[in-house]
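All of the numbers you see were taken from the coordinates with simple rules; none came from a lab. What you see is a predicted model, and the numbers here were worked out from it, not measured in a lab. All Cβ positions, even for glycine, are placed from backbone atoms using ideal geometry, and neighbour counts span all protein chains on display.
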Amino acid sequence: MELERQSGRRRVFAFVGTVVIGTAAVLAVMELVFCAAFSLERRLHPDALRPERSPAYAGAPWVPELVKEQAARLAKPYRYVPFRISEVEEWHGKYFNNDAHLTGVWRRTPIAATGCKGSPTKSVWIFGGSTVYGTGVPDWGTIASYLVADMNRDRQACVEVTNFGDESYVSTQELLLLMEQLKRGARPDVVIFYDGFNDAHVGMTDGDPWSAHYGQETIRERAEGTWRGRLDFLDRRCTARVLALAWRLVKGRGEAASDQAMRAKAAVVLDNYEANEQMARALGEAYHFKFYGFWQPMLFYGHKPLDGFERQIKDFDAKSKARFDARPVVVAYGEAERRAAAGRIVSLAGIFDGVAEPVYIDEAHLAPRGNELVAEEIAKRME
């Protein structure tokens, strides 16, 4: 009898083991097949709208190297920091240099070319998301780098510009970073916030625009210990991507939000943005610095004469929404423009309205020439 029970248990274990091993083998084969399919698809149908194909780069020979370095830099996982969620990771390369300082890590802003000699006599801090950090451009091509050149043009003063841009930040995180720097004893003469796209994008898609930030769902699920949070590493697998695509096709996009609902949400997004600016101004009064806030341009808003590449991006997103759904963000930009007309915020959304040359490399990021024009306008407004 005992021998029969042991034999039965062995058969059960053997069956379970066979099922587990067989399932694992099937999943492994599926993963290889789907990854190979994705790779083949990219080779046969390369994305014609990749940023490096933008004529805004004017055929610069350094673009392929920059793209490779940027891909390697972005492949590193974000490092969690309290309250602000993430921060710039230290990196040193040919085109990107994020230097470690006593109070954090931020992107290098070259100052040697300005002719500035001696210690800086004025300190300018600029905060923002990836457009301030300078995604897609070398160290010398960021807004901060052009701004330091503009402000030191007469060489009478020596102005230092610190780039506090982080590629995922919204204005709330920037306000927290500003507070941290002030608490640690640093004192700027001027503080600049340059925002709009990230606040509008994540604010219009999140349930609560007052506390919206990128990666919120992933962080919440991990903190709450849900099964999805524990297994979210599977989302990066090719099989998961195929299943997610199939689910979207079956489920559809769902009912689009009404214009009235989007306008109401856009009002909250801009209320949050204005509140952050008001708090930054209050800190300026307490810590004796001048504050400037600017709402940034983006491809889908304004009246810029679009070149062929910029037009392709706009048309593709409008038709497929596979990369970016512009409608909610455009509504938020419309609300920002109304508030700018009333003198409540400063909008640069129309800065490229008379610029025929290409400046965008994607929906929001600019090539060096675009950043140069933005820096010139900021410097002019500050004067």
Neighbourhood net charge (12 Å Cβ-Cβ; Lys/Arg +1, Asp/Glu -1) for residue 344
-3
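For a quick protection proxy, order the peptides 195-203, 273-281, 335-343 by their average other-Cβ count within 10 Å, most packed first.
Highest-to-lowest ranking by the protection proxy: 195-203, 273-281, 335-343.
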Rounded Å value of the spacing that divides the Cα centres of segment 160-215 and segment 335-361:
20
Out of every Cα pair in segment 47-108, what percent are spaced more than 20 Å from each other?
41
Under 15 Å from a label point 7 Å along Cα→Cβ of residue 78: give me every residue in segment 158-177 with its amide N that close.
165-177
What are the ³J(HN,Hα) values, in whole Hz, obtained from phi via the Karplus relation 6.51 cos²θ - 1.76 cosθ + 1.60 with θ = phi - 60°, for each residue of segment 194-208 in sequence order, with x given for Gly and Pro?
10, 9, x, 5, 5, 4, 5, 5, 6, x, 7, 9, 9, x, 10
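Cβ neighbours within 10 Å, averaged per peptide: list 284-293, 59-68 in order, most packed at the top. Numbers along the way, then the final one.
Values: 284-293: 15.6, 59-68: 13.3.
Ranked from most to least packed, the peptides come out as 284-293, 59-68.
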Amide H neighbours of residue 193 under 5 Å, counting only residues 5+ apart in sequence or on other chains, H built in-plane at 1.01 Å?
127, 292, 293, 294
With the cut-off at 32 Å, tell me which of the pairs 76/122; 304/380; 265/290; 76/183 have Cα atoms farther apart than that.
76/122
Please name which of 168, 105, 226 has its Cα lying farthest along the dipole of segment 83-229 towards the positive end, using unit charges on Cβ (Lys, Arg +1; Asp, Glu -1) and the Cα centre as origin.
105
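What's the FRET efficiency of residue 183 with residue 259 using the Cβ-Cβ distance as r and R₀ = 25 Å, to the nearest 0.05?
Rounded to the nearest 0.05, the efficiency is 0.05.
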